[in-house]
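What follows is one structure encoded as C-alpha cells, with my remarks underneath.
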Amino acid sequence: MSMRQLPVQNLLRRPGRTMALAALTALLAFSVFGGSIVVMSLRQGLNSLESRLGADIIVVPSSAQSKVSFQNMLLQGTTGAFYMDADNLTRVREVEGVEIAAPQVFLASLKADCCSVKIQVIGFDPETDFFVRPWIGQSYSQELGKLDVVTGCKVEANVGENIRIYDERCKVVGKPAPTGTGLDTAVYCGMDTMKILLKAAETKGVSHKVTSDPDDDVISAIYVKVKDGYDISEVNSKIQGHTRKCSAVRTKSMLTDVSDSLAGISKTVTVLIAAIWALALVILLIAFAMIAGERKREFAVLRLLGSSRAMLIGLVLKESALCSLAGGVLGVLLASLIVFPFTTLIETKLGLPYLRPEISSVTLLGLTSLAATVMIGAAASAWTSFRLSRVDPGTVLREGN
Amino acid sequence: MQRHEGKSFEVKAEQISKRYFRKTGAANCFFAVKPLSLTLEPGTVTVLCGRSGSGKTTLLHILAGLLRPTEGKVRLGETDIYSLPDKELSALRSRSVGIVPQSRSVLDILTVSENILLPQTLYKTKADRQSAEQWMDTLNILHLRDVRAGELSGGEVRRTAIARTLSMNPPIILADEPTGDLDDENTELVFRCFRQAAETHAAVLIVSHEADALKFADRAFRMDGGVMTELT
Ligand SMILES: Nc1ncnc2c1ncn2[C@@H]1O[C@H](COP(=O)(O)OP(=O)(O)OP(=O)(O)O)[C@@H](O)[C@H]1O
Ligand SMILES: [Mg+2]
C-alpha cells in the first residue's frame, strides 16, 4: 500500500459508507445529465423543425381546422388528410410578394389488407418544392420515378423493399436522416405517384374530392416563401383574402406554440435539477459532517504519525472526488440507459419534436456532468476536510477508547 | 542492529508550562504543567510516573510536538520545534519522534502490518518490512499481521502501536502508559523492547504506573499537580 492507495483503500474497505455517498453523487449526475439531454433533444427537435419548414406561410384548407391537425401531423406524425381545390395554388401565386408556392398532397393509408402500414403519404411537386427535396436529397438525389417513394427514418421499410399502399406496390428508394419531427413517420412521393395513389384510394372507398367534378385536381397544403422586402403578415392576409376556403398560417406562429412548451419544459427540468442538487448537496454536507465526527480518531492517528494538515485535507478531498467520480459515472450511465432507449416514449409523452443531439455534444455533456459532480462532491467535503485537518491529536488521543 | 545511522538527538524542554482553561468549576484557569525543564538523552530510558490527572500526558504531548506549551521551548537537537511551520514540524515528527499514545491509535480498516508500515506509507519512504516483521515477532503479533486492526483485542492493539513506533526506528520514543492493558509477561517484554531501543541510541520516555518500569529506567520522575520531581 502507498499513500496514493490510502484514499482508495479507505473507500473500498468501507463499502457501506462509500456506496451511500456514491449513490448520492450518482443522483446528482443522473439528474443533470438526464435532464439536460431531454432539454437538448427538444431544442434540437425545434431547430430541426424550423430549418425543415423553411416556409414563411403555409396555406391549408379551413376544413383542416388549420393549425391544430396540421401541427399534429408535423410534430407527432399523426395521419391526416384534408383537401382543397387545386386552383388555390394559382391564386396564391398571383398574390404580390409570393416568391415560391409549393403544393403538397396528403393521403393517409389504412390499417388494412391493402396497405402494409398506416402512414401519412405526402406528395410533393418536384418543380417547386423547397421543403422535402433538400432533405430527402441527402439520401436520394435522382428524380423519383413512378411509384418510387422515400420513407422517413421511422417507417419500417428498407431501401429496395416494396411497401403496399392501397394495393399499389411502391418501391422504397431512399431514407433520409432523422428530423425528430412527424416528418420521420411519413412516406414521400412525386405528384404523379400521388395521383395514382389517390385513384387507388378512391377505388377502396377513400374519397378526397372537394367537388363533384371527377377531374378536379386537389391539393392539401401550399408552402409559401415570401420575397425579400415584403412583409410576411401582409402577404399572409392578402393570401387569405385571395383564396377560397383556405386559411393561411404563418409558420412562426405555429412554432411559437412549440417553443413555448419547450421553454416551459426546460424551465421545469431546470427547477427540478436545481431542487435535486440543493437537496443532495444538503444531504452530502450532513453526511460529510457526520463522517467527520466518526473519523476524528483516524485523523488524529495520521497526525500523530506525521501527516501535515495539507496531507489530511488532500486525503479527504481525494476520497470524496474519487467517490463522486464513481457515483458520477454510475449516474451518467444510468441516465443514458433510461433516456436513450426510451426516446420514443419520451417523445410521444411530451408531444414535441425530439431529436437526439450529436454524439459529440452528448459526450461533452456527459463529461461536464461528471466534472460538476466531482467538483460538488469535493466541495461538499471541503469543510469537513478542513475540520478534520484541525483535529487536535493531543485531545483525541488522551481520551479513552 | 545498528540504528539511526548516526542520527541521535536529545530532547530539551526549557521552562515549559501548560495553562488550561476549564469551562466550568471554581478555578477555571490552572496549570496542568508548571514551568519545568527536562532533557532526554540518547541511549537512556526515562520513566515518568504520577497520579492520574497530574499532567503526564500533557508533558508528553508537549515534548512530541503535538501541543504547544504556554511558555517555554522544546528543542530537538538544535531545532526549536514550535517555531517550525506545520508542514516541517509534521515531517520532523514523522522522521524523528515515535509516539505510543495513551489511547487506541490504530486505523481499524487497515491490517496490523499496514498499520505498522503506515508512517513510511505517509511519506513514501521505503518500507522496512524486515524490521517491522522482527518487531511483530518479538511482540507476539506476527500471526495477526493480516488481520484488520478493528478486530483486535485491546492488548493486541497496544502491541501493534508499539511495534509501529519501534519499526519507525526513531531517535526519540515517547510512550504514554504503553503497558496499560497488557499482562505481566507482555509488560516485561515491552519494557525490554524499549530498553533495547535505548541501547541503540534512542532517547526513550515512558509514562508508567508499573513499579517494574523503574527496573529498566536510567532516570525516573514523578509528576504531582503539574510539578515534576526526580526520584533517586
Ligand atoms: N484540553 C484541556 N482543557 C482543560 N483541561 C485539560 C485539558 N487537557 C487536560 N486537561 C487537564 O489537565 C490535567 C492533566 O491532564 P493529563 O492528561 O496530562 O493527566 P495525566 O497525568 O496524563 O493523567 P492520567 O494518568 O489519568 O492519564 C487534568 O486535570 C486534565 O483534566
Ligand atoms: Mg495520561
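Read the figures in this text as sums done on the coordinates, not as results from a lab. Predicted model only: the values in this text are computed from it and were never measured. Quick reminder, even Gly has a Cβ in these numbers, built from the backbone with ideal geometry, and neighbours come from all protein chains shown.
Points worth noting:
- Here the scattering of the stretch A:252-401 is modelled by Debye summation over its C-alpha atoms, one equal scatterer each and no solvent; at q = 0.11, 0.20 Å⁻¹ the log10 of I(q)/I(0) is -0.61, -1.23.
- In this rough spin-label picture, where each label sits 7 Å from Cα along the Cβ direction, the B:R68-B:R192 distance is 4.4 nm.
- Between helix A:309-339 and chain A: long-axis angle, C-alpha atoms, 0 to 90°, nearest 10: 30 degrees
- Rounded to whole Å, sorted largest first: equivalent-ellipsoid semi-axes of the stretch B:109-170, Cα gyration tensor: 17, 12, 9
- Computed label-point distance, nm, for sites A:M290 and B:T200 using a 7 Å Cα→Cβ extension: 4.6 nm
- Pairs beyond 28 Å (Cα-Cα), from A:K171/A:K349; A:K199/A:K349; A:K154/A:K349: A:K171/A:K349; A:K199/A:K349
- Of the beta bridges in the stretch A:53-250, as assigned by DSSP with both residues counted there, near 75 percent are antiparallel.
- Eigen-decomposition of the gyration tensor built on the alpha-carbon atoms of the stretch A:137-259 gives equivalent ellipsoid semi-axes of 30, 22, 13 angstrom, largest listed first.
- DSSP beta bridges confined to chain B are antiparallel in about 55 percent of cases.
- Distance (nanometres) between label positions extended 7 Å along Cα→Cβ at A:T268 and A:K171: 4.7 nm
- Eligible lysines near A:K245 by straight Cα distance, threshold 19 Å, same-chain separation 8 or greater: A:K67, A:K209
- Amide H within-cut-off set for A:D56, under 5 Å, with H built and near neighbours excluded: A:V224, A:K225, A:V226
- Cα-Cα over 29 Å, subset of B:K7/B:K126; B:K56/B:K87; A:K118/A:K267: A:K118/A:K267
- Diffusion coefficient (Stokes-Einstein, Kirkwood radius over C-alpha pairs, 10 °C, 1.306 mPa s) for the protein assembly as shown: 51 µm²/s, rounded to a whole number.
- Principal-axis tilt of helix B:154-167 within chain B, Cα atoms, nearest 10 degrees: 90 degrees
- Treating r as the C-beta distance of A:K146 and A:L367 and R0 as 45 Å, the FRET efficiency rounds to 0.30.
- Förster radius 51 Å - calculated FRET efficiency between B:E133 and A:F386, Cβ distance, rounded to 0.05: 0.85
- Derived scalar couplings between HN and Hα for the stretch A:126-139 equal x, 4, 10, 4, 10, 9, 8, 4, x, 7, 6, x, 4, 10 Hz in order, rounded to whole Hz, by the Karplus curve 6.51 cos²θ - 1.76 cosθ + 1.60 (θ = phi - 60°), x for Gly and Pro.
- Overall Cα dimensions of the stretch A:53-250 - principal axes, largest extent first, Å: 46, 39, 28
- The mean sequence distance of close C-alpha pairs (under 8 Å, at least 6 residues apart), as a share of the length of chain B, puts its relative contact order at 32 percent.
- Among residues other than A:F342 with Cβ under 12 Å from its Cβ, the summed charge is +1 (Lys and Arg +1, Asp and Glu -1).
- Each of A:A292, A:V32, A:G180 was placed along the dipole of chain A (beta-carbon charges, centred on the mean Cα), and the one lying farthest toward the positive end is A:A292.
- Volume per residue of the C-alpha convex hull in the stretch B:4-231, rounded to whole Å³: 131 Å³
- Cut-off under 5 Å, modelled amide H: who pairs with B:V47 long-range: B:I206, B:D218, B:R219, B:A220, B:F221
- Here the alpha carbons of the stretch A:165-207 define both size measures, Rg and Dmax, at 12.3, 34 Å.
- Within straight-line cross-link reach of B:K18, aspartates and glutamates at Cα separation under 19 Å, skipping those fewer than 8 residues along the same chain: A:D392, A:E399, B:E71, B:D80, B:D176, B:D224
- Charge tally for B:D80 (other residues, Cβ to Cβ under 11 Å; Lys, Arg +1; Asp, Glu -1): +1.
- Taking all Cα pairs closer than 8 Å and separated by 6 or more residues, the relative contact order of chain A comes to 29 percent.
- Where trypsin sites (Lys or Arg not before Pro) fall in DSSP loop in the stretch B:29-80, at most 16 other Cβ within 10 Å: B:R51
- Residues whose amide H lies under 5 Å from that of A:L147, counting only those 5 or more places away or on a different chain, are A:T193; hydrogens are built 1.01 Å from N in the peptide plane.
- Rounded to 5, the percent of DSSP beta bridges in the protein assembly as shown classed as antiparallel: 65 percent
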